[in-house]
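Contents: one structure, followed by commentary.
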Amino acid sequence: MNYIFMNYKSVVVISGSIVETLLMYYLEKKNIKLINYSRQDRNISRSLYEADLGDLLNYFEQQGMIKDIMVHMGNISRISRNFIHPGKELRETDELNEAKANLCFISTIEIMNSICNRAT
């Protein structure tokens, strides 16, 4: 509905939340409660419910659970939803617009399809 009514900020925020929820749900179904991945020569370990979207995307990428392109699509939502912070909105000249909302919406649909196809 937010997409139809051109509520760009809502589309961006909800897209990141949907992607994060889908990834968590998929791991829950696989009974994975702890995620481990490496970043810049550091091993990172988080419980599933302490992980943020960036952690989940890194884990899925390093485990080969989704294609690289899906990770990049997930990062679109992760990065774009930082626009909800009032300070960022005021500091940055970049703004949320229809194009960013479209990218987030479409990438979320693609990730949903990818995760749902893996779950079946």
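Taken together, the values in this text are just the output of simple stated rules run on the coordinates, not laboratory data. In this text, all values refer to a predicted model and were calculated from it rather than measured experimentally. Cβ coordinates were reconstructed from backbone atoms using ideal geometry, including for glycine residues, and neighbour counts include every protein chain displayed.
Membrane-span-like helices in the chain: DSSP H runs reaching 15 Å or more (Cα, own axis), mean Kyte hydropathy at least -1.0?
Working: long enough: 8-29 (31 Å, 0.77); 68-80 (18 Å, 0.37); 98-119 (31 Å, 0.40).
Helix filter hits for the chain: 8-29, 68-80, 98-119.
Of the listed values (1) 16; (2) 20; (3) 33, identify the label whose number matches percent of Cα pairs over 27 Å apart calculated from this model.
Among (1) 16; (2) 20; (3) 33, the one derived from this structure is (2).
Among the GluC sites (Glu not before Pro) in segment 23-120, which ones are in a DSSP loop with at most 12 other Cβ atoms within 10 Å of the Cβ? Mind listing them?
Those that pass, being in a loop and sparsely packed, are E50, E92, E95.
Normalised by the number of residues in the chain, what is the relative contact order in percent for Cα pairs under 8 Å and 6+ residues apart?
It comes to 37 percent, rounded to a whole number.
Apply 1/(1 + (r/R0)^6) to the Cβ-Cβ distance of E110 and L48, taking R0 = 30 Å, and write down the FRET efficiency to the nearest 0.05.
For R0 = 30 Å, the calculated efficiency reads 0.85.
Excluding residues fewer than 8 places away in the same chain, name every one of the lysines whose C-alpha is closer than 24 Å to that of K9.
Correct list for K9: K88, K100.
In debye, nearest 20, what is the charge dipole magnitude of segment 1-57 about its Cα centre with +1 on Lys and Arg Cβ and -1 on Asp and Glu Cβ, if you could check?
In total the dipole reaches around 80 debye.
Please give, to one decimal in nm, the separation of the simple spin-label points placed at M6 and R39, each 7 Å out from Cα toward the Cβ.
About 3.6 nm, to one decimal.
Any idea which of M1, L34, G87 is furthest toward the positive side of the dipole for the chain, if Lys and Arg beta-carbons carry +1 and Asp and Glu beta-carbons -1?
L34
For the chain, what does the helix formula give at 222 nm: sum of -39500 (n - 2.57) over DSSP H segments with n ≥ 4, over the residue count, nearest 500 deg cm²/dmol?
Rounded to the nearest 500, it is -20000 deg cm²/dmol.
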